[in-house]
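Undergrad: I'd like to ask you about the structure that follows.
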Amino acid sequence: MGKLSWLLIIAFLLILPFSFAIGTTTYRQAGGEGFDWNNEGRGTFSGIGTNINTFGKSVSAPFQIPIIDDFDNNSISDLFVLDGDTAKIYQNKELDIIASLDIGAVPTSVSNIISFDIDGDGTNEIVFADNTNNIMFMLNFSQSEGLVIEHQFDVTINEFPMIACRLPNECIVTVDSTDTEDIFVPFTAFYRAYSFDSTNLTSGLTTIYSEFQPSSDAIALCSPRNQNIPVVDIDGDGISEFGVSIGTAEDSDTDAKLRFFWMDNLTIDVSGTRQKSATASVGCTGSTGVSNLVTSPLGANLFTAHSGVETFIGLQSSASDFRIQGFKSDGSFFDEFPETILSEGDGTMISNVFLMNAFPATTGALDFCVLGYAFTDQEIDLVCGTEDRGFLIPQTSEFKFPVANLFNISTDIDKKDNIVHAVQHSNALTNLQDLNEIISAYGIFTVDFVGTNELLRIFQNPQGDSVLLSIDLEQFGADDLIALTDTNIIYMDDKVSNEPAQIDDLTFNPCVVNSVIKVNESLQVSVDASDTNDAVLGFDNLTISISVYDGTSNQQNVTNTVTTSQVDGSTTVIESFNLNETGFGNVIRVEAFDTGNPTEVASVEQTFTVNINGIEFGDATCTLTVTAPDEDEINVTVEAGTLTVDATENSITTGIQTVIDLTGLAGTTFWLLLMLAFSMGIYFRGSSLNWSGNSTLGAIALVNVLFIVLGARVGVISTGLIVIMVVVSVVILGVFLGRFLTGVGANAE
């Protein structure tokens, strides 16, 4: 591989982690990178059926969800699972366990798990709170040390904590989520939190919300089931806030209330509340527990009529209906979806609120959705809202799918089989729009606007009740699926492979094959390259580089990265260069590679000659058809080109090129060696014929002058070298004449 190849690859690999993602290669916390539950990658599980490869490993007591990140900064995605008291790191689709760690006492419940650079050292730690043993953990993974506890400290937690970080050493943990009752005296119930950094707590116990209760009146203050704190700049001040929502219910008024808070660290900047008529048990858990009646907040700027970021939260509005509540950036309520005058979502809400391109009329804009389950009809019900207004009210639609013969989503707050994401697993268009699909424990669904709105299942999850994530662990632009059940972690591979790039044709104007090109002419190089894959791969782009005078101080290089169709991947790149230096055996080098195969470089080299006289731009063009000698090889061979116009050539240039090809010498080196050989031949011939020294020197000088003229004519000696040789010759001649004249004078005396 040439020097140019390695320079391109090194540069590519250096910028890769900071420029774009290839599919969904990281999942650092619940909700994804933007806390919006919307995957950026693209998958191919539309209609794939059972034609997949499955890899699995057993687990015994997994907590929360898998966390995917490049924990050791080696450009390889790692997968973290907390299995009972054992933390595990998996790698590749075979789920090889490359590290494990016993964290101590077995927890019965933990907070949400996040991957974040909490100490600012450039490497993400795995952070979670064990609320059984009241310990905050920061784990670190490296190739040299494996998985280790980097820091841990004690923190008193009640139930169902939530954690989040916005900057290194700026994190919070909520520690109260419970039902409280005092049968003798009045009391105050609290929902509280701490701030913490990489080594310890950085605040005292801070109240987020409190409520005074008379005696014997139980109250529940509960974290939402999906245990997620989004980090969003809700008020537009340039500082990201922590978003915390809680549900409340009490004996004297069991209607569930929604309360939310956006906090700068632990200082409340924005808050809001909403009460609906869903009767709740005065507790956090269970099907009517308060944790199952509210979702964590989602912050997004979706309504053009509002300034700042809106807050969207799912709320159970009655025992059999649910809606999405919308709030402005100041916390004031502005609408609910569906409107009260319309139908509501049927059943019990069973998911988080997520962003999704759900409506073709919104032309690519994101909408917001939540999923529910109707026990009576035994169907799942997707409710989505958007800013697009019909009949002066925001548009809302329901999409349903029967699941009578499938499992029921659990109401256990420790199980995360209820999470839902928007994904891209189908290329089908609705009104020319490529809408999102949704992925849930039931599989992958697309929305259908034809006739009665409904959900169409395009892939059924063969693992049953599980956490289902869309992840590109192989890092080449096609998301696969990872399922976490109570007993197994399973990787489902769609069998899509990412083929390397190839160069198909090269066209030169003027032609560089068996021809001499006039100096200072423009050379146009056209490259036809392709990257043929059997599926659409996100961000799988072609990089094409053309280098003229390759490997010399006069090297001219142009690099293009082309966004291809990602299926046929064909593209053409045309670049022009100035042939500003004469010479023989100069090299044009063309290289191509794709995003998913940066080290597999297709390359072609073609020599060319430039002289004072030769063909000009437009006189002759030729096309080289490139073929791979073996499908396992990347470098390619060049078939004979076709001249559209006869190019200037002669037997001398053809013969010299043949010798150069056989010996591997550069044109100038070969010519200088030839001059030396002729000079030595004349010297020895002159000695055998008893020539005088002056005669021998004169003959050598004459022959070398002829060689210089001829070399310049055919292009093997550059103008600069001629100047150097002339100067050196003049100096030598001057020294010789000086000695000669001095010798004559001496003899005369």
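The values are calculated or read from the model by the stated rules, or taken from the named source; none is laboratory data. For clarity, every value in this text was computed on a predicted model and none was experimentally measured. In this analysis, Cβ positions are derived from the backbone assuming ideal geometry, glycine residues included, and neighbour counts consider all displayed protein chains.
Undergrad: Mind listing whichever residues of the stretch 448-473 are touching a residue at least 24 places away in the same chain (Cβ under 8 Å), touching a strand residue (DSSP E or B) at 6+ places or on another chain (Cβ under 7 Å) and in a loop (DSSP other than H, G, I, E, B)? I'd like the intermediate steps shown before the answer.
TA: Start the filter on the stretch 448-473 by keeping residues that are touching a residue at least 24 places away in the same chain (Cβ under 8 Å), which leaves 448-449, 453-459, 462-473.
After this cut, where a residue has to be touching a strand residue (DSSP E or B) at 6+ places or on another chain (Cβ under 7 Å) as well, the list is 448-449, 453-459, 463, 466-473.
Scanning the stretch 448-473 gives Phe449, Asn453, Gln463, Ser466, Asp472, Leu473.
Undergrad: If I filter the stretch 206-216 for residues that are under 28 Å from the mean Cα position of the chain (by Cα) and farther than 26 Å from Ser351 by Cβ, do I get at least one hit? Write out each step before concluding.
TA: As a first pass, look at the stretch 206-216 and keep what is under 28 Å from the mean Cα position of the chain (by Cα): none.
For the stretch 206-216, residues under 28 Å from the mean Cα position of the chain (by Cα) and farther than 26 Å from Ser351 by Cβ: absent.
Undergrad: Within the stretch 189-233, can you find the residues that are part of a strand (DSSP E or B) and among the polar types (S, T, N, Q)? Don't jump to the end; show me each part of the working.
TA: Taking the stretch 189-233 first, the residues part of a strand (DSSP E or B) are 189-196, 201, 206-213, 219-222, 231-232.
Of everything in the stretch 189-233, those that are part of a strand (DSSP E or B) and among the polar types (S, T, N, Q) turn out to be Ser195, Thr206, Thr207, Ser210, Gln213.
Undergrad: Confirm whether Ile98 is surrounded by fewer than 24 Cβ atoms within 10 Å (Cβ to Cβ), in the same structural domain as Pro161 (by TED's automatic domain parsing) and assigned to a strand (DSSP E or B). Can you show your working first?
TA: Details: surrounded by fewer than 24 Cβ atoms within 10 Å (Cβ to Cβ): yes; in the same structural domain as Pro161 (by TED's automatic domain parsing): yes; assigned to a strand (DSSP E or B): yes.
So Ile98 passes the test.
Undergrad: May I ask you to list the residues in the stretch 276-309 that are closer than 26 Å to Ala218 by Cβ, under 33 Å from the mean Cα position of the chain (by Cα) and not in a loop (DSSP other than H, G, I, E, B)?
TA: Val294
Undergrad: Same structure again: So Arg457 fits all but one of (1) modelled with pLDDT of 80 or more; (2) in contact with a helix residue (DSSP H, G or I) (Cβ under 9 Å, 6 or more places away or on another chain); what number is the exception?
TA: (2)
For every residue, the table says whether it meets (1) outside the structural domain of Cys222 (by TED's automatic domain parsing); (2) in contact with a helix residue (DSSP H, G or I) (Cβ under 8 Å, 6 or more places away or on another chain); (3) surrounded by 24 or more Cβ atoms within 10 Å (Cβ to Cβ); (4) closer than 25 Å to Thr295 by Cβ.
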{"position": "Ile409", "(1), (2), (3), (4)": "no, no, no, yes"}
{"position": "Val423", "(1), (2), (3), (4)": "no, no, yes, yes"}
{"position": "Ala428", "(1), (2), (3), (4)": "no, no, no, no"}
{"position": "Gly464", "(1), (2), (3), (4)": "no, no, no, yes"}
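Conditions tested, residue by residue: (1) modelled with pLDDT of 60 or more; (2) surrounded by 15 or more Cβ atoms within 10 Å (Cβ to Cβ); (3) of a type outside the set (A, V, I, L, M).
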position: Gly641; (1), (2), (3): no, yes, yes
position: Val645; (1), (2), (3): no, no, no
position: Ile656; (1), (2), (3): yes, yes, no
position: Ile660; (1), (2), (3): yes, yes, no
position: Leu665; (1), (2), (3): yes, yes, no
position: Leu673; (1), (2), (3): yes, no, no
position: Ser687; (1), (2), (3): yes, no, yes
position: Gly698; (1), (2), (3): yes, no, yes
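Undergrad: Next question, about the same structure. Which one is farthest from Cys284 (Cα to Cα), of the residues in the stretch 136-169 that are acidic (Asp, Glu) and in a strand (DSSP E or B)?
TA: Restricting attention to the stretch 136-169, the residues satisfying the condition of being acidic (Asp, Glu) are 145, 150, 154, 159.
In the following step, the residues that additionally are in a strand (DSSP E or B) were identified as 150, 154.
Numbers: Glu150: 33, Asp154: 24 Å.
Step by step, filter the stretch 136-169, then rank; the result is Glu150.
Undergrad: So is Thr273 closer than 30 Å to Gly236 by Cβ, in the same structural domain as Thr207 (by TED's automatic domain parsing), over 32 Å from the mean Cα position of the chain (by Cα) and of a type outside the set (A, V, I, L, M, F, W, C) or not? Write out each step before concluding.
TA: Working: closer than 30 Å to Gly236 by Cβ: yes; in the same structural domain as Thr207 (by TED's automatic domain parsing): yes; over 32 Å from the mean Cα position of the chain (by Cα): yes; of a type outside the set (A, V, I, L, M, F, W, C): yes.
Considered against the rule, which asks whether it is closer than 30 Å to Gly236 by Cβ, in the same structural domain as Thr207 (by TED's automatic domain parsing), over 32 Å from the mean Cα position of the chain (by Cα) and of a type outside the set (A, V, I, L, M, F, W, C), Thr273 comes out as yes.
Undergrad: Which of the residues that make up the stretch 212-238 are in contact with a strand residue (DSSP E or B) (Cβ under 6 Å, 6 or more places away or on another chain) and surrounded by fewer than 16 Cβ atoms within 10 Å (Cβ to Cβ)?
TA: Of everything in the stretch 212-238, just one residue is in contact with a strand residue (DSSP E or B) (Cβ under 6 Å, 6 or more places away or on another chain) and surrounded by fewer than 16 Cβ atoms within 10 Å (Cβ to Cβ), namely Phe212.
Undergrad: Something else about it: Within the stretch 103-135, how many residues turn out to be over 32 Å from the mean Cα position of the chain (by Cα) and either assigned to a strand (DSSP E or B) or of a type in the set (D, E, K, R) (or both)?
TA: Residues of the stretch 103-135 over 32 Å from the mean Cα position of the chain (by Cα): 104-109, 131-135.
Now restrict to residues that are either assigned to a strand (DSSP E or B) or of a type in the set (D, E, K, R) (or both): 135.
Adding up the residues that qualify gives 1.
Undergrad: Would you check which residues across the stretch 120-137 are buried (at least 18 other Cβ atoms within 10 Å of the Cβ) and either not β-branched (Val, Ile, Thr) or not assigned by TED's automatic domain parsing to the domain that holds Pro224 (or both) and list them?
TA: Asn124, Glu125, Phe128, Ala129, Asp130, Asn131, Met136, Phe137, listed by residue number.
Undergrad: Now, a different point. Does Thr621 satisfy the criteria of being among the polar types (S, T, N, Q), modelled with pLDDT of 80 or more and either surrounded by fewer than 18 Cβ atoms within 10 Å (Cβ to Cβ) or farther than 26 Å from Glu521 by Cα (or both)?
TA: Working: among the polar types (S, T, N, Q): yes; modelled with pLDDT of 80 or more: yes; either surrounded by fewer than 18 Cβ atoms within 10 Å (Cβ to Cβ) or farther than 26 Å from Glu521 by Cα (or both): no.
For Thr621, the condition - among the polar types (S, T, N, Q), modelled with pLDDT of 80 or more and either surrounded by fewer than 18 Cβ atoms within 10 Å (Cβ to Cβ) or farther than 26 Å from Glu521 by Cα (or both) - is not met.
Undergrad: Suppose the filter is touching a residue at least 60 places away in the same chain (Cβ under 8 Å) and under 24 Å from Pro230 (Cβ atoms); does Pro168 pass it? Before the answer, list the steps.
TA: Values: touching a residue at least 60 places away in the same chain (Cβ under 8 Å): no; under 24 Å from Pro230 (Cβ atoms): yes.
No, not satisfied.
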